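Take a look at the structure set out below.
Every read-out reported here was derived from the displayed coordinates using simple, explicitly stated rules and does not represent laboratory data. Quick caveat, the model's predicted, so the values are computed rather than measured. As a convention, Cβ positions derive from the backbone with ideal geometry for all residues, glycine included, and neighbour counts pool all protein chains shown.
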Amino acid sequence: MAVELAKVSLWINAMVKEQPLSYLDHHIKCGNFLVCATPDLVAGGVPDGAFKPVTGDDKTVAKHFRALNKMQRKNLGATLDGWGSERSSYAEEFARLSAMEEATPEDVSEKRELYQKLLEDENLRRGKLEADAW
C-alpha cells in the first residue's frame, strides 16, 4: 500500500498538463533496503552468523543448516560463474529503460512492457532470489 501511495503522491505533485502519468514501477519498490545485499556480499555466500540460534530455535537444526551453508559456500563459485557480466548487461538494460521517453500513453505502455520482459528473465530472477536469500 505504501508503494502505491508513493506513486500516487508523485503523480499528483509532478503531473504535467497534457502529458501521460510517468511509469514509476521500475523506480519505486517494496523491500528492505536496510539489508543492502551488494553483489560482493552475495558472491561471498550467506554468512554463518545467519544460522546462529536465537531464543526458540532448535540448536541441532541451526547447527545442521550452518554446516550445510558452509558446504554450499565452498561450491558457490560454480553457481555464480558469468553472473558478473550478466549483471552489467542488466544494468545497461535498466538504464535504457529509465532513459526511455514518456511523452505519449504508447511510450508509457512500451516502457511497462520492456520492464515486464526484463523481470521475466530467468537469470535476473535467479540473481534476485540469491540476493533476497542472502
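Can you count the Lys pairs in the chain whose Cα atoms are under 14 Å apart, with each pair 8 or more apart or on different chains? Write out the running numbers ahead of the final one.
Working: Lys7/Lys29; Lys29/Lys128; Lys52/Lys63; Lys52/Lys70.
Lysine pairs, 8 or more places apart or on different chains, close enough: 4.
Multiply the residue separation of Ile28 and Asp57 by 0.36 nm, subtract the distance between their alpha-carbon atoms, and state the gained length in nm to one decimal. Intermediate values should be presented prior to the final figure.
On the way: separation 29, 0.36 × 29 = 10.44 nm, distance 3.51 nm.
Answer, rounded to one decimal: 6.9 nm.
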Worksheet item: Taking the Cα atoms of region 11-66 alone, what are Rg (to one decimal) and Dmax (as a whole number) in Å?
Response: 21.0, 64
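Compute the orientation-averaged projected area for the chain from the convex hull of its Cα atoms and round it to one decimal in nm².
Working: hull surface 42.9 nm².
The orientation-averaged projected area of the Cα hull of the chain comes to 10.7 nm².
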Worksheet, complete the sentence: In deg cm²/dmol, rounded to the nearest 500, the helical mean residue ellipticity at 222 nm of the chain, built from -39500 (n - 2.57) for every DSSP H run of length 4 or more, is -19000 deg cm²/dmol
Practice prompt. At 7 Å along the Cα-to-beta-carbon direction for both Lys128 and Met1, put a label point, then send me their distance in nm to one decimal.
Written response: 2.4
